[in-house]
1. Taking the Cβ-Cβ separation of A:ALA76 and A:HIS134 as r and a Förster radius of 35 Å, what is the calculated FRET efficiency to the nearest 0.05?
2. Angle, helix B:2-24 long axis vs. longest principal axis of chain B, Cα atoms, 0 to 90°, nearest 10?
3. Could you list B:ILE115, A:ILE81, B:ILE92 so that the one with the fewest beta carbons within 10 Å of its beta carbon is first and the one with the most is last?
4. Gap in Å between the Cα centre of the stretch A:99-115 and the Cα centre of the stretch B:20-45?
5. Can you tell me the orientation of helix B:53-63 relative to chain B, as the angle in degrees between its alpha-carbon axis and the longest Cα principal axis, to the nearest 10?
6. Quote the relative contact order of the stretch A:4-130 in percent (integer), defining contacts as alpha-carbon pairs under 8 Å separated by 6+ residues.
7. Given R₀ = 41 Å, what would the calculated FRET efficiency be for A:PHE64 paired with B:SER98, taking r from the Cβ atoms and rounding to 0.05?
8. Using a Förster radius of 22 Å, what is the FRET efficiency between B:GLU6 and A:VAL121 based on their Cβ-Cβ separation? Nearest 0.05, please.
Amino acid sequence: MPNQTLTEPAEAQIRSMIDSWTQAMRAKDAAGVVAHQTQDFVQFDFAPPLQTVGPNSKGLQDWFATWRGEIGYEIADLHIIANDGIAFCYALIHLTGSRTDGSQSDVWFRNTLGLRKIGGVWKIAHGHESVPLHMDGSFRAAIDLKP
Amino acid sequence: MMQQAETTERQIRTLIESWAAAVRRHDLPAIMAHHEQDIVMFDVPPPLQSRGMDAYRKTWDLFFKYHKPSQTFDIEELEITAGEDVAFAVAIMRCVASQAPGWFPFRLTIGLRKIDGDWRIAHEHHSVPAED
């Protein structure tokens with residue numbers, strides 16, 4: 001069915017790309033995550049630095065190494081706004097699992113993606129992940145919020 | 001086509017620059033003039049998300065407790081990726097707020113759609129990296 005992807009609505013194509021990307025996150029497959037990103041991918045991560053440019057496979061591998069077993073990485077409230085070649089989407093992500101230091105993670109954070117269709121394939125050109133900060137002067141990360 | 005893309009990018013850049021100028025002078029009607037009613041805002045302070053224009057307005061009521069008119073709320077870097085009727089903008093911003101010493105940088109991503117010939121903001125995500 002060579003023409004299927006041409007007629008499939010952009011939103012369905014993007015949903016399927018995001019499924020594949022989140023599966024790679026859960027499986028701690030850095031190559032699988034980076035495969036969905038553009039070469040000039042700009043990342044705003046929830047931890048410093050302020051921004052990174054270019055796929056960061058090493059950074060992902062280091063982060064994956066802090067998890068024991070699979071990572072719980074579930075998307076909620078995914079909104080996709082797309083036209084023929086440009087799209088953005090936003091969602092809440094529920095991150096759960098066991099860390100190698102023995103602690104348990106259970107955090108909701110916000111995710112926004114900017115997408116470009118390149119050679120017929122949707123790619124992530126920009127990713128923005130964050131948790132709110134408490135504005136009581138401490139600037140502590142608000143990691144206990146639930147939607 | 002190239003010229004069309006440049007015009008679109010300039011329109012969006014102007015919209016975001018006037019929005020930031022409206023924030024600096026605490027002009028709420030001008031801040032909210034180019035948004036979709038069902039805007040979803042991810043802001044620096046809690047909550048996780050603010051949905052709709054009433055909730056969006058409240059995020060600015062909160063911000064103005066910490067930010068005085070004409071204090072810094074500036075665009076440092078702005079990259080716009082625009083199609084015919086969908087666009088996103090990625091920015092590094094600089095802000096002054098009373099709880100933080102000096103100015104601090106934050107990240108801003110804006111999602112826009114063109115409706116009836118006008119670009120409208122459908123989504124904003126403001127954040128500061130978490131240190132812990």
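Laboratory data are not the source of any read-out in this text; all were calculated from the coordinates shown. Please read these numbers as outputs of a predicted model, since none were measured by experiment. Reconstructed Cβ throughout: ideal geometry from the backbone, glycine too, with neighbour counts over all protein chains shown.
1. So, using R0 = 35 Å, E works out to roughly 0.95.
2. Helix B:2-24 and the main axis of chain B meet at about 20 degrees.
3. Least to most surrounded, the residues fall as B:ILE115, B:ILE92, A:ILE81.
4. If we compute the Cα centre of each part, the gap is 28 Å.
5. The answer is roughly 40 degrees.
6. Relative contact order here is 25 percent.
7. 0.55
8. That gives a FRET efficiency of 0.30.
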